[in-house]
Amino acid sequence: MAKNILSKLKESVISIIPIVLIVLILGLTISPLSSYDIIKFLISALLLIIGMPLFTVGAESAMHTMGSSIGSNLSKSRKLATLLVFSFLLGLVITIAEPDLSVLAEQIASINKWLFIFIVALGVGIFLMLAVLRIIFQIKIKTVLIISYLIVFALMFIVPSGYLPISIDSGAITTG
């Protein structure tokens, strides 16, 4: 456990330090910050570096146990419909809960926020079902990707051009 925490601490330092350096450079040159603000920022960054590994290890240990148990029981059931419904619902719920997608939806005035989030979640749920089918029927990922990209490129000619950047952004945000 301690080794895992140290590994996550290293990841945390590697990902946060560059941002801290950029903010410090900008805060000392282009947009000067007060000493008080710089100290608050550095303390916050230090707490973030310490907190991220603890959160990650805790979340992984809790979710790994639960996920393994659910996955094991689902695969033992041998009911394809149950597996597909669960996969779809998992993709749907996780995507709806994604806070970054909600932020993107707030920025799009021409579309209802919840409709946008639901449509993206629907797509993720469908693709998660396809991923499960791909595993069960041992379909090559190359085949799935080629067909998927052909569909996406075909849709690009049908959809109004103003929605293309939004669709690409929503896909990137949803999948991280």
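No value in this document is a laboratory result; all are computed from the given coordinates. These figures come from a predicted structure and were not determined experimentally. Counting neighbours? That spans all protein chains shown, and the Cβs are built from the backbone with ideal geometry, glycine included.
In debye, nearest 20, what is the charge dipole magnitude of the chain about its Cα centre with +1 on Lys and Arg Cβ and -1 on Asp and Glu Cβ, if you could check? Don't skip to the end; give the middle numbers.
On the way: 11 positive and 7 negative charges, 162 e Å.
Rounded to the nearest 20 debye, it is 780 debye.
Report the residue, chosen from P53, P160, P99, that carries the largest GNM mean-square fluctuation when the chain is represented by alpha-carbon nodes joined by springs under 10 Å.
Checking each option, the largest mean-square fluctuation is seen for P160.
Please list the radius of gyration and Dmax for segment 82-125, considering alpha-carbon atoms only, with Å as the unit.
According to the Cα coordinates of segment 82-125, Rg and Dmax are 11.2, 38 Å.
How long, wide and thick is the chain, going by the Cα atoms along their three principal axes, in whole angstroms, largest first?
The Cα atoms of the chain stretch 60, 48, 30 Å along their principal axes.
Quick check on segment 3-63: what are the equivalent-ellipsoid semi-axes from the Cα gyration tensor, as sqrt(5λ), descending, whole Å?
After scaling each eigenvalue by five and taking roots: 29, 11, 8 Å.
What FRET efficiency comes out for the pair Q107/S69, r = Cβ-Cβ distance, R0 = 35 Å, nearest 0.05?
It comes to 0.35.
Starting from the Cα of A62, move 7 Å in the Cα-to-Cβ direction to define the label point; list residues of segment 84-108 whose amide nitrogen is under 16 Å from there.
none
Compare the peptides 15-21, 151-157, 92-98 by average per-residue count of other Cβ atoms within 10 angstrom and give them in order, highest first.
92-98, 15-21, 151-157
Could you tell me which residue out of S102, F55, L42 lies farthest along the dipole of the chain toward its positive end? Charges go on the beta carbon: Lys and Arg +1, Asp and Glu -1, centred on the Cα centre.
F55
Tell me the Rg and the Dmax, in Å, that the Cα atoms of segment 34-90 produce.
When restricted to the Cα atoms of segment 34-90, Rg and Dmax are 20.3, 63 Å.
With each pseudo-label sitting 7 Å past Cα toward Cβ, what's the V159-F41 distance in nm, one decimal?
For the pair V159/F41, the computed spacing is 3.7 nm.
Mind checking which of I141, I25, I49 has the largest fluctuation in a GNM of the chain, springs on alpha carbons under 10 Å?
Comparing I141, I25, I49 in a Gaussian network model of the chain, the most mobile one is I25.
Of T65, T56, T29, which has the largest mean-square fluctuation in a 10 Å C-alpha GNM of the chain?
Of the options given, T29 has the highest mean-square fluctuation.
Please sort by residue number the trypsin sites (Lys or Arg not before Pro) in segment 55-158 whose DSSP state is loop and whose Cβ has at most 10 other Cβ atoms within 10 Å.
On the way: sites: K76, R78, K79, K113, R134, K140, K142; in loops: R78, K79, K140.
The qualifying sites are R78, K140.
In vacuo Debye scattering of segment 101-176, one point per C-alpha: log10 I(q)/I(0) at q = 0.15, 0.23 Å⁻¹?
Once normalised to I(0) and log-transformed, intensities are -0.60, -1.16.
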